[in-house]
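Colleague: Take this structure first; my questions come after.
Just so it is clear, none of the values below were taken in a lab; they were calculated from the coordinates. All values derive from a computational prediction rather than experimental measurement. Ideal geometry is used to build each Cβ from the backbone, glycine not excepted, and the neighbour counts take in all protein chains shown.
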Amino acid sequence: MKTKAVIIIGGGASGLIAAILIAREGIAVTLLEQNSKIGKKILVSGNGKCNITNRHIAVHRFHSQNPPFIESVLQGYDFARIEAFFHSIGVELIEEKEGKVFPMSRQAASVVEMLEYEAQRAGVEIRYDCTVKSITEVKQGFMLHTTQGDEACDLLLLASGSPAAPQLGGTFGGLEMAASLGHALIPAYPSLVQLCSDEVWVKAASGVKVEAVVKLYANSDYVTEKRGDILFTNYGISGLAILDISYEVSQQLAAFAYCELSLDIMPELNKEQLTNLLTHRVNTDSSKPLMLWLLGILNKKLIPVVIEQSKCRAKTEQNLNRKEVGKLVYAIKNLKLSISDTRGFEGAEVATGGVDTTEVNPQTMESKRVKKLYLAGEILDVDGDRGGFNFHFAWSSGMRAAKAIIA
Ligand SMILES: Cc1cc2nc3c(=O)[nH]c(=O)nc-3n(C[C@H](O)[C@H](O)[C@H](O)COP(=O)(O)OP(=O)(O)OC[C@H]3O[C@@H](n4cnc5c(N)ncnc54)[C@H](O)[C@@H]3O)c2cc1C
């Protein structure tokens with residue numbers, strides 16, 4: 001077999017899977033990782049459980065300026081293929097709600113340990129604390145300038161991830177190196193991220209968690225909606241529904257749109273049911289203060305803002321009439337919250353944007369601009385929904401790159 005020296009930049013999901021598959025074929029692979037440990041994002045993923053993939057992989061669960069690229073990459077790289085790989089390294093998978101798939105151990109640490117063991121067993125040379133600063137094209141391949149000296153290779157896989165979560169190794173470094181080699185970049189923005197708000201009432205409601213339907217309006221136009229938990233915090237709002245809607249918010253904020261959320265904080269009742277419930281509770285002889293009356297159905301910290309936004313004039317239960325009840329119902333189902341920003345890359349699980357995928361071959365992940373340069377994972381302009389989709393793309397694109405490098 002002709003030997004080829006392969007270097008992979010990045011010991012994350014896509015780099016590790018590629019390194020293992022290449023090394024299993026007896027090809028010399030060196031993996032350069034800037035952190036003192038590999039797989040830092042894997043380690044904290046899925047709240048420490050690692051949501052490895054999803055049973056229901058579909059193109060519409062991903063975002064990119066080039067959806068056909070995603071479709072091509074995922075063709076044949078479905079759940080079963082990822083499951084087979086993990087089975088081959090001894091990690092068995094289990095499905096939970098919404099098709100989310102986890103390691104049976106439900107421990108992200110076990111995934112990293114098993115990947116690291118397999119990489120070493122297969123002969124991958126892992127270089128820790130080694131940051132690649134720049135890449136130069138040379139006659140037979142590439143020269144990498146690293147914090148541990150220069151490294152040459154025939155084939156190079158750039159799997160250095162995105163700028164999301166810099167505390168775990170997220171960096172613009174890989175994108176800058178891709179750009180220096182001639183690649184176009186789609187601007188990166190934080191996604192799967194908490195949102196900030198300057199509204200005073202939000203701070204006061206800090207700590208309150210409710211189920212809600214969250215609608216996004218940009219410059220007063222309806223954009224989209226998500227349902228799930230929301231959590232008010234001292235900086236703004238978090239929770240699963242917020243992470244899910246953050247991709248669209250981030251895009252709108254990047255386009256300088258005014259973003260406002262409309263929260264239905266009682267989605268289990270429709271407008272009519274809520275109106276009936278409130279109307280039936282009205283006792284026309286009661287001087288019970290409105291605040292106290294609402295305490296029977298709403299979290300205490302949310303009552304002042306519901307009353308304020310409803311502009312309800314009634315001060316006591318006996319002052320309520322259908323019109324005043326209607327105002328309260330409207331506020332409960334359309335609580336307004338303006339968004340000033342996202343929590344940035346520090347709070348984000350992923351980044352939108354990345355290397356323009358029109359310049360990458362989706363079958364091989366090889367650059368169309370630079371021969372023998374491969375790109376995989378989140379460095380590319382592909383990000384997915386919450387639920388295991390981001391890892392799925394990292395594993396799939398890493399596997400494709402490995403297959404092409406081996407060939
Ligand atoms: C808190 C959190 C939770 C998440 N949970 C999930 C989840 O449950 N399910 C899911 O599908 N996705 C999840 N994600 C997203 C997922 O982690 C990423 O999409 C995935 O790790 C991307 O894989 P990657 O290989 O492209 O990049 P990464 O896994 O980020 O790996 C890139 C590696 O390259 C290294 N590197 C970067 N630049 C250099 C350089 N110049 N020199 C040397 N090394 C370099 C980095 O240190 C890093 O180790 C989560 C992300 C975060 C932050």
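Colleague: Provide the packing ranking of 189-198, 146-155, i.e. peptides ordered by the mean count of other C-beta atoms within 10 Å per residue, highest first.
Modeller: Numbers: 189-198: 23.1, 146-155: 15.4.
For the peptides 189-198, 146-155, the packing ranking is 189-198, 146-155.
Colleague: Work out the FRET efficiency for LYS133 and HIS60 from their Cβ-Cβ distance, taking R0 = 45 Å, and round it to the nearest 0.05.
Modeller: 0.75
Colleague: Find how much the distance from GLU71 to THR358 grows on full extension, using 0.36 nm per residue of separation minus their present alpha carbon separation; answer in nm with one decimal. Present the calculation step by step, with values, prior to reporting the outcome.
Modeller: On the way: separation 287, 0.36 × 287 = 103.32 nm, distance 1.29 nm.
Here the segment from GLU71 to THR358 would lengthen by 102.0 nm.
Colleague: Picking from ALA152, GLN120, GLY239, whose Cα lies most toward the positive end of the charge dipole for the chain (charges on Cβ: Lys, Arg +1; Asp, Glu -1)?
Modeller: GLY239
Colleague: Still on this structure, I have one more. Using the Kirkwood radius built from alpha carbon pairs, what does the Stokes-Einstein equation give as D for the chain at 10 °C and 1.306 mPa s, in µm² per second? Write down the numbers at each step before the final one.
Modeller: Working: Rh = 23.1 Å.
Result for D is 69 µm²/s.
Colleague: Also, quick follow-up: Compute the helix-to-body angle for 389-406: its Cα long axis versus the longest principal axis of the chain, expressed 0 to 90° and rounded to tens.
Modeller: 10
Colleague: By per-residue mean of other Cβ atoms within 10 Å, what is the highest-first order of 85-93, 13-21?
Modeller: Details: 85-93: 15.0, 13-21: 29.4.
Top of the packing list down: 13-21, 85-93.
Colleague: Based on the Cα atoms of segment 317-371, what semi-axes does the equivalent ellipsoid have, where each is the square root of 5 times one gyration tensor eigenvalue, given in whole Å with the largest first?
Modeller: Values: eigenvalues 589, 38, 12 Å².
After diagonalising the Cα gyration tensor, the semi-axes are 54, 14, 8 Å.
Colleague: Continuing with the same structure: Sorting check: for 307-318, 376-387, 111-122, which peptide has the highest mean count of neighbouring beta carbons within 10 Å, and how do the rest follow?
Modeller: Details: 307-318: 16.1, 376-387: 27.5, 111-122: 18.3.
Descending mean neighbour count gives 376-387, 111-122, 307-318.
Colleague: For segment 146-203, restrict the atom set to alpha-carbon positions and state the Rg and Dmax in Å.
Modeller: According to the Cα coordinates of segment 146-203, Rg and Dmax are 17.1, 59 Å.
Colleague: Right, here's the next one. Using a simple charge model, +1 on the beta-carbon of Lys and Arg, -1 on the beta-carbon of Asp and Glu, nothing else, what dipole does the chain show about its Cα centre, in debye to the nearest 20?
Modeller: Values: 43 positive and 45 negative charges, 163 e Å.
Roughly 780 debye for the chain.
Colleague: Continuing with this model, one more query. Report D for segment 1-157 in µm² per second (integer): Stokes-Einstein, Kirkwood Rh on Cα pairs, 25 °C, 0.890 mPa s. Working shown, then result.
Modeller: Values: Rh = 16.9 Å.
My calculation gives 145 µm²/s for D.
Colleague: Once both labels are modelled 7 Å past Cα along the beta-carbon direction, what's the GLU176-GLN140 spacing in nm?
Modeller: Simple spin-label model gives 3.0 nm for this pair.
Colleague: Let me ask another. Just want to confirm a number: the relative contact order over segment 194-342, from Cα pairs under 8 angstrom separated by 6+ residues, in percent.
Modeller: Working: 282 pairs, mean separation 44.8, N = 149.
It comes to 30 percent, rounded to a whole number.
Colleague: If you don't mind, another one. What ratio of Cα Rg to 2.2 N^0.38 Å holds for segment 194-342? Working shown, then result.
Modeller: Working: Rg = 15.8 Å, N = 149, 2.2 N^0.38 = 14.7 Å.
Output field value: 1.07.
Colleague: Moving to a separate point now. Putting +1 on Lys and Arg Cβ atoms and -1 on Asp and Glu Cβ atoms, find which of ASN51, SER110, GLY377 reaches farthest to the positive end of the dipole of the chain.
Modeller: ASN51
Colleague: May I ask you to compute the full-extension gain from LYS368 to ASN321, defined as 0.36 nm times their residue separation minus their alpha-carbon distance, rounded to one decimal in nm? Mind dumping the intermediate values first?
Modeller: Details: separation 47, 0.36 × 47 = 16.92 nm, distance 6.86 nm.
Contour length minus the Cα-Cα distance gives 10.1 nm.
Colleague: A follow-up question, please. Over what distance in Å are the Cα centres of segment 130-160 and segment 297-347 separated?
Modeller: Between the Cα centre of segment 130-160 and that of segment 297-347, the gap is 57 Å.
Colleague: While we're on this one: Cα-based Rg (one decimal) and Dmax (whole number) for segment 358-407, in Å?
Modeller: My reading of the Cα-based Rg and Dmax gives 11.0, 34 Å.
Colleague: Express in nm, to one decimal, how much length is gained between LYS336 and LEU277 on full extension, taking 0.36 nm for each residue of separation and deducting their alpha carbon distance.
Modeller: Working: separation 59, 0.36 × 59 = 21.24 nm, distance 2.25 nm.
Here the segment from LYS336 to LEU277 would lengthen by 19.0 nm.
Colleague: Name the shape class, rounded, prolate or oblate, that the alpha-carbon gyration tensor gives for segment 85-231, where a ≥ b ≥ c are the square roots of its eigenvalues, rounded holds for a/c under 1.5, and otherwise prolate holds if a/b is larger than b/c and oblate otherwise. Write out the running numbers ahead of the final one.
Modeller: Values: a/c = 2.63, a/b = 1.50, b/c = 1.76.
Because a/c hits 1.5 or more and a/b fails to exceed b/c, segment 85-231 counts as oblate.
Colleague: Here is a further query. Would you please state which residues of segment 317-355 a label at ARG227 would reach in this model, taking the label point 7 Å out along Cα→Cβ and a backbone N cut-off of under 16 Å?
Modeller: 333-334
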